[in-house]
Number of protein chains: 4
Amino acid sequence: MHTFHHPDFTAARFADVPDARFVPAPADGVLPDGFFTTTNLPTYVRVAGQWRLPAEPRMDAALVLDPAGDLWAREGRRVRAGDRVAVGRAEDGSEGIFVHAAVFAGDVDGDDEFQFMTSEVSREKPIDYGQMARLLVDERERGGYVVWVAGPAMVHSRARADMTWFVRHGFVSAFLAGNAVAVHDIEASIYGTTLGMTERGQASAGGHGLHMRAINRVRAAGSIAAAVREGTVTDGIMHAIVEQGVPFVLCGSIRDDGPLPEVLTDAVAAQDAMRAHTTRATMAVLVATALHAIATGNMLPAFVMEDRATGRPTSRPRGTSPADWPALHELPTICVDSSEFVVSKLKDRGTHQAFGVVTNAQDFLHILRLYVERELDARVATTATRTAAEAARA
Amino acid sequence: MHTFHHPDFTAARFADVPDARFVPAPADGVLPDGFFTTTNLPTYVRVAGQWRLPAEPRMDAALVLDPAGDLWAREGRRVRAGDRVAVGRAEDGSEGIFVHAAVFAGDVDGDDEFQFMTSEVSREKPIDYGQMARLLVDERERGGYVVWVAGPAMVHSRARADMTWFVRHGFVSAFLAGNAVAVHDIEASIYGTTLGMTERGQASAGGHGLHMRAINRVRAAGSIAAAVREGTVTDGIMHAIVEQGVPFVLCGSIRDDGPLPEVLTDAVAAQDAMRAHTTRATMAVLVATALHAIATGNMLPAFVMEDRATGRPTSRPRGTSPADWPALHELPTICVDSSEFVVSKLKDRGTHQAFGVVTNAQDFLHILRLYVERELDARVATTATRTAAEAARA
Amino acid sequence: MHTFHHPDFTAARFADVPDARFVPAPADGVLPDGFFTTTNLPTYVRVAGQWRLPAEPRMDAALVLDPAGDLWAREGRRVRAGDRVAVGRAEDGSEGIFVHAAVFAGDVDGDDEFQFMTSEVSREKPIDYGQMARLLVDERERGGYVVWVAGPAMVHSRARADMTWFVRHGFVSAFLAGNAVAVHDIEASIYGTTLGMTERGQASAGGHGLHMRAINRVRAAGSIAAAVREGTVTDGIMHAIVEQGVPFVLCGSIRDDGPLPEVLTDAVAAQDAMRAHTTRATMAVLVATALHAIATGNMLPAFVMEDRATGRPTSRPRGTSPADWPALHELPTICVDSSEFVVSKLKDRGTHQAFGVVTNAQDFLHILRLYVERELDARVATTATRTAAEAARA
Amino acid sequence: MHTFHHPDFTAARFADVPDARFVPAPADGVLPDGFFTTTNLPTYVRVAGQWRLPAEPRMDAALVLDPAGDLWAREGRRVRAGDRVAVGRAEDGSEGIFVHAAVFAGDVDGDDEFQFMTSEVSREKPIDYGQMARLLVDERERGGYVVWVAGPAMVHSRARADMTWFVRHGFVSAFLAGNAVAVHDIEASIYGTTLGMTERGQASAGGHGLHMRAINRVRAAGSIAAAVREGTVTDGIMHAIVEQGVPFVLCGSIRDDGPLPEVLTDAVAAQDAMRAHTTRATMAVLVATALHAIATGNMLPAFVMEDRATGRPTSRPRGTSPADWPALHELPTICVDSSEFVVSKLKDRGTHQAFGVVTNAQDFLHILRLYVERELDARVATTATRTAAEAARA
């Protein structure tokens, strides 16, 4: 059990502190403007020159000085008109109230202020699609290298069309995934199902064999690329990737059926193939996969190096003096999963820069595409306006 | 441990069954067209008039008859060119292969066919926004009564703008929630934060008291409606609800700060207030709340009654003979949550008609609105076309 | 929207049905003994020879016939002393009340009775450790082949001692895992940490490199077995496995550091190695791993074949007639995970026989061991009693 | 995108720093003892008096200086015998290698060291039952006030017997829960089911009405206490609580059936009743409930005040000078849930002192009881030894 030390109110910084100010409540259950809101931490209130601790401490209450001179933490609804209620917002003692937040320093966050909503990843936090869209468009504009990593839920949830859009529009520099993503994407192209499930989410009669038939079709063709060329695979993510010439790595796992011809079944060879992309990455988007996200996180630096001479990202920094060293930027790493757990796990494996988005793959890609389209429109509009203005000036 | 019974192959339905057909594999690791895909269930193969069980049974394999006459379940990658592989899709024996799916009847699903993706609720299943949008627009068109039930994540995740849109456009017949939803919606209107968190998801300095200040402002005004009228609350869900005159019920809980004036702190009174809406409901949308979703589920019938005389939904059916009885429809009940658990729990409490959507509130409302807007546009276009066609005919 | 059909009350089975019986409530808010409890399904009540639907239908209510002759579903708390309340438990009409459960047949469960708690996997369901313990002891006694599959949470959560106990006491026929399980088990043996985390769950200074040092020690020794022999690894799961000569398969993945020498980095070779065990399995215990659990589930048959001639489990069934066919039993498959999702996913991949246990690895192994110890004691006691009795008889 | 600043190596603390030391690898894929393990942060290596950044940075790698004088981060498996590998553990530059951890200061944790497993709550972390058992026994010995808060999963999962044990043995000073906990506990006592589910986890025929019948029995008796006295309720948690005279608060919610007579249906009255216990609490155990755990967390101070005069905990501190002020201790707050989310949510609502245990209620109570029994035995043994020793001395 941790024991806390009281603050030293003889310290210089408390020398000129005034008494806390109390103001009558305007009505039953209504607090005066600027009332002080309590926390659950030890709180000291200066009354008649003396520092005192209120009775019945709790958070989200007001501080009431009763007629007998006793000091209470009391819920607003229990305050009666005329009750003397402390006002002030400062928690550092400067207005006569001191919240002893440092008691937990070290235990919790090293952060001395009492706050709500401090968790790093939560489904209760807003997702800033605008910022992610700007990052993606920026990367495309400046020739960055955006590595996408995907799990099979992306395909099951029918985010294929939106993922395909990102591939076709130049937002995907490399695509890292496993056998299953490619298998179900190709199954969807040939049979309209994933693991036999229709796009309405229903299991289909005879459906359990369809992914095996899809695999066999590609094995017969010799490769995914060949299956695209010969017209066996006519749409979807792998189709777009082959047509656009986007490099991809399909890493094998013991869960794989088949596997497809391009799958690297050796985990060491697969890591070597991934490294060719992780060392070039200037941004990473990890969607709906624990295994591949953590594997990629293990290999990604937390930063991007930009060569000062060329202005280009580099994995081979030059120079032995600060003037030659590359500029360093954080490597934006977005991790999308239906639960907070994968992002926490990723951070627990050292990928502290990961930014968690708790949602499903289908919705994520759909909205992100929408925002990217808006961002592109906005930039076109800005450019057009600027051009017109310049033309007018000329 | 369950013991299974072998099927009775002397039964009439097996009388004229042919031998299974075997076809040579065209290449190493490639199966012949129409190959039979195994399951993990007992499987019987008719060879030379005899029913036999393959060795090393597993799912996702092929059936191979080796030169020694032994029968194997074997992964496609291990099949060599020329190996004899069973073909056929029928699992009922009609093509010489019988999958004994009934062994699990009763244990699992009462469903005799081996299938993948049979779970009722999963983040891996596609969300059919188009269908939900059609339902909502249908309900508005036919004067249905759509009850919305919301939890605070809806507000934290900044789905306020989209929820407000649904209120303003007539898709919300009643709004059921708790104190926190209204508090944080109003905090967002006054201070731009929820529980002190900014819309970028950051905790703000001094933010922990903002929801208390928001509550106090409304208590001082006397009611949410008054706070809207006097200009304290200028946007958001509650603002729209008050302006549109949408009935709402805010149910109290022990978690509540304040509470706000309109909150019904008595759980029995709150249930009575909810019943006024659940008995009229023709559709329910439950977003990001376990407590309120299950409470509402407890009170909702699984069906809607439609009076045959008036054509209107009714909670007081008339008649003692089938001709007078109301028509019955399923009551569409959409339950949105970040995890499968809430929907499973809702079903475990008897709300079997609930349709689960595993995503977050922000994304759900954003995409649903998009689809509803498209549906409305499509219907306008259709009507315009029809009107034009009729005008042309006239 | 589904439309339901009313039942046909002219059918023979309704011919001799009586009117529903109504009994006065004994006090305000108290229902008579044997009161009928409503569901949320369409319900028909026979009053004066006529079938009627109650007003305001909902579940968990009573059926009240008011003085005006109107029929209501009403919560017990709203019933007043003397109100006439329907009694009876039968829902098939035989006591004058018919619950139309079949409306949902096909949609939901194919099960016609309204029930709570029907989900297959839920943290809210009791775990039957006694049954699992009996299965494990039975398997050991009859020479079964129990395959254990483990994920790294087993080691992080410090279930090592209990897992080691199972290995040492002959309950583990084969151990399938990945590189990480072995690495962290060995890190714990050498350094007392897993990924640098102490057994109190704290990150340790300099700890991020300890798993790398552990790997390097084993690579220097040449193999895990060599590291055990030379005294580098002195306790834990891998130590016990090597000492007991339990066969193990460590399957590689792209997430692996190192890897350790015994790891099969090729996914196809790893599957082949796993098959040597899955084809012999008579029971499977899958703990805290999605990847390995699903991979193993893919390879496991849902059943065990027992040769009638030898009485032993076999993967190569003989015979072409029922008399020769092996006996078939369900293959007990226990899947332990902290969330319902992995078990649902496993079932969605066809491993329908999986029995889900929602808890963490540490607690699961600790309690299971306790129950197995009790089961062993009980069997010893029974044998002793029986032997004594036989001795007395002799 | 964050831009980082390079460290200033002209600073005094880097003045006497040596070059990094490189040692040849002893064999292919084996690193020299004491090798330096990389992180994913910017890392500077002093070579020939110059600070340099390695190429292809990543975590979990070694630093290799190749024959051409280039510096690489390279996985151990790719190192060949004789390659020059950096050794050293210091990351502060004192051995010639500097890890620039401060780049993320402020962004992440304010903690400058790269570490794994830093998340606050995770199913992957060990649960220290021994510590919790010692706390509980300490509290009983010193007359502390342990508040237990429970959700219905405790009853569904059949932790009733263990919870009853804690009540009977004096570890429960107050019990806070909702209607459902008491209803299902009583249903289990009367009918052997919870929500109609048997203790084997099966839904039972006719079971959906059993909780309603249990409620009605208690309402007929007039109170839970009366139902215990008259023999309607003969075992379980509520039975033990009534018999032991443990104070309890059952708080109403809109999800409640019935409710039971003792339930406080008014949320404000319920909070007032809870406050009588939260202001006295010296320890809190919150099991399997989000609503009640967060409600209690809102009301609990993060600390216990101990009056110096009486040595007893107090909620009404005296004194205006440090000598009179009570001693302050952290209030141990244990939060048990199947997912990390509830604990994170609790912390996000300001209960930063909460200590999360991710497991299910059944296993938690079973193991905790076991450890408490062991702790009691150990203390008895210690006392006996001490007494014997003292007797011997006398």
Review point. Of D:Pro317, D:Gly143, D:Ala293, which is farthest on the positive side of the dipole of chain D, counting Cα position, with +1 on Lys and Arg Cβ, -1 on Asp and Glu Cβ, and the Cα centre as origin?
Key: D:Gly143
**Study point:** Solvent-accessible area of B:Met305 with every protein chain in place, 1.4 Å probe, in Å² to the nearest 10
**Key:** 10
Practice item. Using amide H atoms built 1.01 Å from N in the peptide plane, name the residues 5+ places from A:Leu176, or on other chains, whose amide H lies under 5 Å from its own. Key: A:Trp148, A:Val149, A:Ala150, A:Val249
**Study point:** Positive-end residue of C:Thr38, C:Leu65, C:Thr193, charge dipole of chain C with Cβ unit charges
**Key:** C:Thr193
Exercise for review: Could you work out the relative contact order of the range D:3-102, using alpha carbon pairs under 8 angstrom and six or more residues apart, expressed as a whole percent?
Suggested key: 37
Study note, to complete from the structure: The long-range amide H neighbours of D:Thr359, using H built 1.01 Å from N in the peptide plane and a cut-off of under 5 Å, are D:Asp337, D:Ser338
Review point. Which ³J(HN,Hα) values, rounded to whole Hz and listed in residue order, are derived for the range D:245-252 from phi using the Karplus coefficients 6.51, -1.76 and 1.60 in 6.51 cos²θ - 1.76 cosθ + 1.60 with θ = phi - 60°, glycine and proline given as x?
Key: x, 6, x, 9, 10, 9, 9, x
Check your understanding: Across the Cα atoms of the range B:112-385, what radius of gyration and what greatest pairwise Cα-Cα distance (Dmax) are found, in Å?
Key -> 19.5, 67
Check your understanding: Given +1 on the Cβ of Lys and Arg, -1 on the Cβ of Asp and Glu, and no further charges, what dipole in debye does the protein assembly as shown carry about its Cα centre, rounded to the nearest 20?
Key -> 0
Exercise for review: Highest first, please rank the peptides D:195-208, A:379-392, A:32-45 by the mean number of other Cβ atoms sitting within 10 Å of their residues.
Suggested key: A:32-45, D:195-208, A:379-392
Check your understanding: So who's got an amide H within less than 5 Å of the one on C:His2, skipping anything under 5 residues away but keeping other chains? H placed 1.01 Å off N, in plane.
Key -> B:Glu330
Review point. Helix C:129-141 versus the longest principal axis of chain C: what angle, 0 to 90°, nearest 10, using Cα atoms?
Key: 50
Review point. Going by accessible area, probe 1.4 Å, with all protein chains left in place, what is the ranking of A:Ser189, D:Ser94, largest first?
Key: D:Ser94, A:Ser189
Review point. What are the semi-axes of the equivalent ellipsoid of the range A:3-102, taken as the square roots of 5 times the eigenvalues of the Cα gyration tensor, listed largest first and rounded to whole Å?
Key: 23, 14, 11
Check your understanding: Under the rule of -39500 (n - 2.57) per DSSP H run of 4 or more residues, summed and divided by the residues of the protein assembly as shown, what mean residue ellipticity at 222 nm is obtained, to the nearest 500 deg cm²/dmol?
Key -> -10000 deg cm²/dmol
Check your understanding: So what are the ³J(HN,Hα) numbers for the range C:254-269, from phi and the Karplus equation (6.51, -1.76, 1.60; θ = phi - 60°), rounded to whole Hz, Gly and Pro as x?
Key -> 5, 8, 6, 8, x, x, 5, x, 6, 5, 8, 7, 8, 5, 6, 4
Study note, to complete from the structure: In square angstrom to the nearest 100, the accessible surface buried at the C/D interface, both sides summed with a 1.4 Å probe, amounts to 5600
Review point. Nearest-5 percent of antiparallel DSSP beta bridges in chain D?
Key: 55
Check your understanding: Please report, for the Cα atoms of the protein assembly as shown, the Rg to one decimal and the Dmax as a whole number; what are they, in angstrom?
Key -> 34.1, 120
Exercise for review: Enter the angle in degrees (range 0 to 90, nearest 10) between the Cα long axis of helix C:210-221 and the first principal axis of the Cα atoms of chain C, meaning the one along which they spread out most.
Suggested key: 50
Check your understanding: Would you list D:Glu56, A:Glu262 from the most to the least accessible area, probe 1.4 Å?
Key -> A:Glu262, D:Glu56
Review point. If you put +1 on each Lys and Arg Cβ and -1 on each Asp and Glu Cβ, how big is the dipole of the range D:3-102 around its Cα centre, in Debye rounded to 20?
Key: 120
**Study point:** Size of charge dipole - chain B - debye, nearest 20, with Cβ of Lys, Arg +1 and Asp, Glu -1, no other charges
**Key:** 1020
Point to revise | Space enclosed by the convex hull of the alpha-carbon atoms of the range B:153-263, per residue, Å³ | key: 87
Exercise for review: Using only Cα atoms, locate the centre of the range A:148-195 and the centre of the range D:295-357, then give the distance between them in Å, rounded to an integer.
Suggested key: 50
Exercise for review: Kindly report, to the nearest 10 Å², the accessible surface of B:Lys125 as traced by a 1.4 Å probe over protein heavy atoms only.
Suggested key: 30
Review point. So what's the net charge close to D:His239: Lys and Arg +1, Asp and Glu -1, counting the other residues with Cβ under 15 Å from its Cβ?
Key: -3
Study note, to complete from the structure: Expressed as a percent, the portion of alpha-carbon pairs in the range A:230-364 spaced more than 26 Å apart is 35
Review point. Quick one: how many Å² of A:His366 are accessible to a 1.4 Å probe, rounded to 10?
Key: 30
Point to revise | Residue-averaged beta-carbon neighbours from other chains (10 angstrom radius) around C:280-292 | key: 1
Study note, to complete from the structure: Sorting D:Gly170, D:Pro18, D:His6 by the position of each Cα along the dipole of chain D (Lys, Arg +1; Asp, Glu -1; all at Cβ), the one nearest the positive end of that ordering is D:Gly170
Check your understanding: If you roll a 1.4 Å probe over the heavy atoms of the protein chains, what accessible area per residue do you get for chain C, in Å²?
Key -> 34
Exercise for review: Could you work out the local net charge near B:Ser173, counting Lys and Arg as +1, Asp and Glu as -1, over the other residues with Cβ closer than 15 Å to its Cβ?
Suggested key: +3
Exercise for review: Starting at the first residue of the range B:199-205, write each ³J(HN,Hα) from the Karplus equation 6.51 cos²θ - 1.76 cosθ + 1.60 with θ = phi - 60°, in whole Hz, x for Gly and Pro.
Suggested key: 6, 8, x, 9, 5, 10, 4
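The values are calculated or read from the model by the stated rules, or taken from the named source; none is laboratory data. The structure displayed is predicted, hence computed values, not measured ones. Glycine also receives a Cβ, built like all others from the backbone with ideal geometry; neighbour counts cover every protein chain displayed. Each accessible area value is taken on the protein alone, full model and side chains, heavy atoms only, with ligands, DNA and RNA left out. Shrake-Rupley method; radii C 1.70, N 1.55, O 1.52, S 1.80 Å.
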